[in-house]
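Some notes on the structure that comes next.
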Amino acid sequence: MGLYSSFIGRKFKHIAGKKYEDIIKHYREFLLTEEEKMLPEIRAILMPLDRYVKNIPDEVYETVSAYDASVLLVYIMDSEIFHLLSQTLSKEASEEFKRKEEIVGREMLDKVAKELEDFGLRVQRRIFFGNKSEDIIRLAENIDMLVISRAYGSEITKTSPLSPIVLKIIQHLKIPAVVY
């Protein structure tokens, strides 16, 4: 607990006695350690986008701009969907869907990149085929913070206000994450 806990322990030693020690023991998981009080240095931010990410609130741009960081925008086109389309419909239908998805992805990347650049941030853009959850987890290994929409990867509903893909990603990361 560090210096702060030591100070409180000395200050209230004679007043609360054993009661204070019991409180510390029972509520330890709610008290911050010295390391947890330190804010991590954020130099690189990962921001995944896809067709389910509709509007990004201005507050997200303001929050991200508080850091002197570069932002990596990624638009991942789900390779499983294209594989299924080519097997169920036709290769031509799959290619048509791929072309349209790439256009939508580039437009979204350009729009969000312009917004971030207007806030003075350095932005890199990537668009590729892959697995929406596994690739984000892999990319996040070299990143300091993740900023992700709660609708990333699938539609959200009243009963499920967080996409299952977002939940999976958050559970596998050890970096701070902002879910909007």
### Message
Cβ-Cβ under 7 Å, sequence separation 6+ or interchain: first residue in segment 163-180 and under 17 Å from Ile143 (Cα atoms), partner open to solvent by 70 Å² or more (accessible area, probe 1.4 Å). Which pairs?
### Response
Val166/Arg150; Pro176/Pro40; Val179/Arg150
### Query
Assuming Phe119 fulfils every condition listed in (1) in contact (Cβ under 8 Å) with a residue 24 or more places away in the chain; (2) of a type in the set (Phe, Trp, Tyr); (3) over 21 Å from Val179 (Cβ atoms) apart from one, which condition is it?
(3)
### Message
If a residue must be buried (at least 16 other Cβ atoms within 10 Å of the Cβ) and either of a type in the set (Val, Ile, Thr) or touching a His at 6+ places or on another chain (Cβ under 7 Å) (or both), how many such residues does segment 64-101 contain?
### Response
4
### Query
Looking at segment 48-67, which of its residues are more than 23 Å from Arg138 (Cα to Cα) and assigned to a loop (DSSP other than H, G, I, E, B)?
Lys54, Asn55, Ile56, Pro57, Ala66
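Per-residue answers, yes or no, for (1) among the small types (Gly, Ala, Ser); (2) free of Cβ contacts under 8 Å to residues at least 12 places away in the same chain:
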residue	(1), (2)
Leu89	no, yes
Glu96	no, yes
Lys100	no, yes
Ala113	yes, no
Arg126	no, no
Lys132	no, no
Ile143	no, no
Ile148	no, no
#### Entry: Among the residues listed as Ile175, Ile137, Ile103, the single one being modelled with pLDDT of 95 or more and within 18 Å of Leu72 (Cα to Cα)
Ile137
### Task
Look at segment 51-100 and say how many of its residues are aromatic (Phe, Trp, Tyr) and either over 17 Å from Ala113 (Cβ atoms) or modelled with pLDDT under 90 (or both).
3
### Message
Take Leu146 and tell me if it is under 13 Å from Ile45 (Cα atoms) and touching a Ser or Thr at 6+ places or on another chain (Cβ under 8 Å).
### Response
no
### Task
Filter segment 87-132 down to the residues that are touching a strand residue (DSSP E or B) at 6+ places or on another chain (Cβ under 6 Å) and among the small types (Gly, Ala, Ser), then identify the one that is nearest to Tyr67 (Cα to Cα).
Ala113
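Table: residues versus (1) open to solvent by 50 Å² or more (accessible area, probe 1.4 Å); (2) hydrophobic (A, V, I, L, M, F, W, C); (3) in contact with an Asp or Glu (Cβ under 6 Å, 6 or more places away or on another chain).
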residue: Arg122; (1), (2), (3): yes, no, no
residue: Ile127; (1), (2), (3): no, yes, no
residue: Lys132; (1), (2), (3): no, no, yes
residue: Met145; (1), (2), (3): no, yes, no
residue: Ala151; (1), (2), (3): no, yes, no
residue: Thr157; (1), (2), (3): yes, no, no
residue: Ile165; (1), (2), (3): no, yes, no
residue: Val179; (1), (2), (3): yes, yes, no
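The values are calculated or read from the model by the stated rules, or taken from the named source; none is laboratory data. Small disclaimer: the values here were computed from a predicted structure and weren't measured. In this analysis, Cβ positions are derived from the backbone assuming ideal geometry, glycine residues included, and neighbour counts consider all displayed protein chains. SASA here: full protein model, heavy atoms, side chains in, ligands and nucleic acids out. Shrake-Rupley method; radii C 1.70, N 1.55, O 1.52, S 1.80 Å.
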